[in-house]
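The values are calculated or read from the model by the stated rules, or taken from the named source; none is laboratory data. A quick note: this is a predicted structure, and the numbers were derived from the prediction, not measured. All Cβ positions, even for glycine, are placed from backbone atoms using ideal geometry, and neighbour counts span all protein chains on display. The protein model used for the area step is the full one, side chains on, heavy atoms only, and it has no ligands, DNA or RNA in it. Shrake-Rupley method; radii C 1.70, N 1.55, O 1.52, S 1.80 Å.
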2 protein chains.
Amino acid sequence: MTGRIGLDRLSLNQATVKHLGLAEAVTLCARHDIPAIGLWRDRVAETGLATAAAAVRTAGLRVSSLCRGGFFTSGGAAGWRGALADNRSALAEAAELGTDTLVLVCGGLPPGRRDLGLARRMVADAIGELVPEAQRLGVRLGIEALHPMFCADRCVISSLGEAVDLALRFPADAVGVVVDTYHVWWDARLAGEIARARGRIVGFQVCDWVLPLPADTVLGRGHLGDGVIDFGPVTAAVSAAGYDGFVEVEIFNAGVWDAPPDRTAATVRERFATVFGGA
Amino acid sequence: MTGRIGLDRLSLNQATVKHLGLAEAVTLCARHDIPAIGLWRDRVAETGLATAAAAVRTAGLRVSSLCRGGFFTSGGAAGWRGALADNRSALAEAAELGTDTLVLVCGGLPPGRRDLGLARRMVADAIGELVPEAQRLGVRLGIEALHPMFCADRCVISSLGEAVDLALRFPADAVGVVVDTYHVWWDARLAGEIARARGRIVGFQVCDWVLPLPADTVLGRGHLGDGVIDFGPVTAAVSAAGYDGFVEVEIFNAGVWDAPPDRTAATVRERFATVFGGA
């Protein structure tokens, strides 16, 4: 591994403790000396934007990202303008919450369509439309490549290389990529694509790939070390590409969600220290 | 679509009618005027190699491929030599059955390991060892990229580009790639990778990606037209790259397996004619 990553760069993505409201997740981080949190819009909305922003500030927490914008294709052509409006709201929320990264899950095939090229054009066009607002607010759109098994129904951006190709079409202060180990670990060209993303990596999310996949493949993620991902090479590549921001632990897993949140937070910290050598 | 593909190029992969023995699958093809079959080693072994070879010859069927060799990593370093021996047997079986293509499912991570680079070197080294035997027998090793969701446990070759990179390290009369729509349809760089595979495409397998994925993700395949794959562009690319061999319909789906085989064969023919315009 190229260098260690200390616990001062740990962020707990709120999805890892899905059953907690925002205030509870914030106090959990404070209690476990986790310096940053990745927030989710539904929990922010439930709390109220101003209240949520005040809660993280009061706790002295940094907000590593807001999840999530995107879904540009899900409503088809008719819903595209509405998706833009929703993403403009998300950008404003990110700014208010004090994070400079809005994570994008770009959307799958439009309903009833098989045209991947069309879907990808809808995504690119939407990002282009959002650039001025992103620049004005100082929030970057983080294109996240999702695992190819989600291509049809969640995100047509299926590899980091594709995400980088897309990001490079737009200004670096407005559009970047989010590297999530769960989605990209399998890629034989990963190191090269991460290097190509230099200056564009706006988020680094980690969790493990656990076998067997559960019936709901969205939930097949695990604590660092519980699966097959070799975090060393990908982390070294991300660091070598100049990324020095927070590392978000984001785990979608029904068992983790049902565990006591304090145990989850403790495990997240402990595994992070072990895997990234930053005790 | 670039050109139509006639029913004279249809092959039924035996896995589509998984519950049939070899003799039954052969007579099913003959009954439905399907000119070729993709055979599986377990069914060949059950029948006996000589008997199986005689059955397809007598029926006037062509054998488009033998499935499957590979699994070079599954036994770890200790099992690697044994895997080579098994693959030499598979090459000999392919020759005896009258097909020039052995489909490779290369294997996932070695047991207890997280090192994708090691796994990929084990695959490459194994293929290199098998080249002389493949050339002697006139059977090509067809590297099949499996969907990235199978990277950990079935095949560390996860994209067509990676398969092409690997194949190009060896002589064209010994090593090629198999394009399977189910595994590669999501890839934004697919057309370019298929073009790069010119002269190396030794098999083209088709089935559809059906949502939602079933609990066992191996079985999430469907008849052409039942899912989201746009077969036009990939077929055009494969044809433009010079491939003019059989097109195998290979469907892993518990519902299809439980259907009456004659209905399955009729559906396969009908969908093939519709999708490939070759009525």
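Does B:D153 satisfy the condition of being within 14 Å of another protein chain (Cβ to nearest Cβ), surrounded by fewer than 24 Cβ atoms within 10 Å (Cβ to Cβ), part of a helix (DSSP H, G or I) and among the charged types (D, E, K, R)? Considered against the rule, which asks whether it is within 14 Å of another protein chain (Cβ to nearest Cβ), surrounded by fewer than 24 Cβ atoms within 10 Å (Cβ to Cβ), part of a helix (DSSP H, G or I) and among the charged types (D, E, K, R), B:D153 comes out as no.
Could you check region B:199-216 and list, in sequence order, the residues that are of a type in the set (G, A, S) and touching a Gly at 6+ places or on another chain (Cβ under 6 Å)? Selection gives B:G203 alone.
Taking region A:107-116, which residues are in contact with a helix residue (DSSP H, G or I) (Cβ under 8 Å, 6 or more places away or on another chain) and within 12 Å of chain B (Cβ to nearest Cβ)? Matches in region A:107-116: A:G108, A:L109, A:P110, A:P111, A:G112, A:R113.
Residue-by-condition table, conditions (1) touching a residue at least 60 places away in the same chain (Cβ under 8 Å); (2) open to solvent by less than 10 Å² (accessible area, probe 1.4 Å):
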| residue | (1), (2) |
| --- | --- |
| B:R136 | no, no |
| B:M149 | yes, yes |
| B:S158 | no, yes |
| B:D165 | no, no |
| B:D187 | no, no |
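State whether the residues of region B:162-179 include one that is within 16 Å of the chain's Cα centre (by Cα) and at the interface with chain A (Cβ under 8 Å from one of its Cβ atoms). No, that holds for no residue. For the criterion of being open to solvent by 10 Å² or more (accessible area, probe 1.4 Å), under 16 Å from the mean Cα position of the chain (by Cα), farther than 20 Å from A:L118 by Cα and modelled with pLDDT of 95 or more, B:I201 passes.
Across region B:246-279, the qualifying residues are those that are part of a strand (DSSP E or B) and under 14 Å from B:A25 (Cβ atoms), and the one among them that is farthest from the chain's Cα centre (by Cα) is B:V249. Taking the condition out of contact with any Gly (no Cβ under 8 Å at 6 or more places or on another chain) and on the phi < 0 side of the Ramachandran plot, does B:V139 pass? Yes, satisfied. Pairs are defined by a Cβ separation below 7 Å, a sequence spacing of at least 6 or placement on different chains, a first member in region B:199-214 that is free of Cβ contacts under 8 Å to residues at least 12 places away in the same chain and at the interface with chain A (Cβ under 10 Å from one of its Cβ atoms), and a second member that is open to solvent by less than 30 Å² (accessible area, probe 1.4 Å) and of a type in the set (V, I, T); the pairs so defined are B:L213/A:T217. On the given criteria, is B:A191 over 17 Å from the mean Cα position of the chain (by Cα), open to solvent by less than 20 Å² (accessible area, probe 1.4 Å), of a type in the set (A, V, I, L, M) and more than 9 Å from every other protein chain (Cβ to nearest Cβ)? In short, no.
Within region B:190-205, the residues that satisfy the criterion of being among the hydrophobic types (A, V, I, L, M, F, W, C) and part of a strand (DSSP E or B) are B:I201, B:V202, B:F204. Filtering region A:108-121 for residues that are open to solvent by 40 Å² or more (accessible area, probe 1.4 Å) and in contact with a strand residue (DSSP E or B) (Cβ under 8 Å, 6 or more places away or on another chain) leaves an empty set.
Of everything in region B:33-42 that is in contact with a helix residue (DSSP H, G or I) (Cβ under 8 Å, 6 or more places away or on another chain) and closer than 10 Å to B:C67 by Cβ, the residue that is surrounded by the most Cβ atoms within 10 Å (Cβ to Cβ) is B:L39.
Of the strands (runs of 3 or more DSSP E) that lie entirely inside region B:1-98, those containing 3 or more residues that are among the aliphatic types (A, V, I, L, M) span B:36-40.
Residue count for region B:117-148 under the criterion of being under 17 Å from the mean Cα position of the chain (by Cα), in a helix (DSSP H, G or I) and facing chain A (nearest Cβ under 8 Å): the result is 1.
Restricting to region A:237-267, and then to whatever is within 15 Å of A:W209 (Cα to Cα) and touching a residue at least 40 places away in the same chain (Cβ under 8 Å), can you tell me which residue is surrounded by the fewest Cβ atoms within 10 Å (Cβ to Cβ)? Checked region A:237-267; the qualifying residue surrounded by the fewest Cβ atoms within 10 Å (Cβ to Cβ) is A:A254.
Filtering region B:43-66 to residues that are out of contact with any Lys or Arg (no Cβ under 7 Å at 6 or more places or on another chain), open to solvent by less than 70 Å² (accessible area, probe 1.4 Å) and within 30 Å of B:G108 (Cβ to Cβ) leaves B:R43, B:V44, B:T47, B:L49, B:A52, B:V63, B:S64, B:S65. For region A:268-279, the tally of residues that are β-branched (V, I, T) and crowded, with 17+ Cβ neighbours inside 10 Å stands at 2. Scanning region A:206-220 for residues that are open to solvent by 10 Å² or more (accessible area, probe 1.4 Å) and outside any helix (DSSP H, G or I) yields a count of 7.
With respect to the stated conditions, A:V234 fails to be surrounded by 17 or more Cβ atoms within 10 Å (Cβ to Cβ), within 12 Å of chain B (Cβ to nearest Cβ), assigned to a loop (DSSP other than H, G, I, E, B) and modelled with pLDDT of 95 or more.
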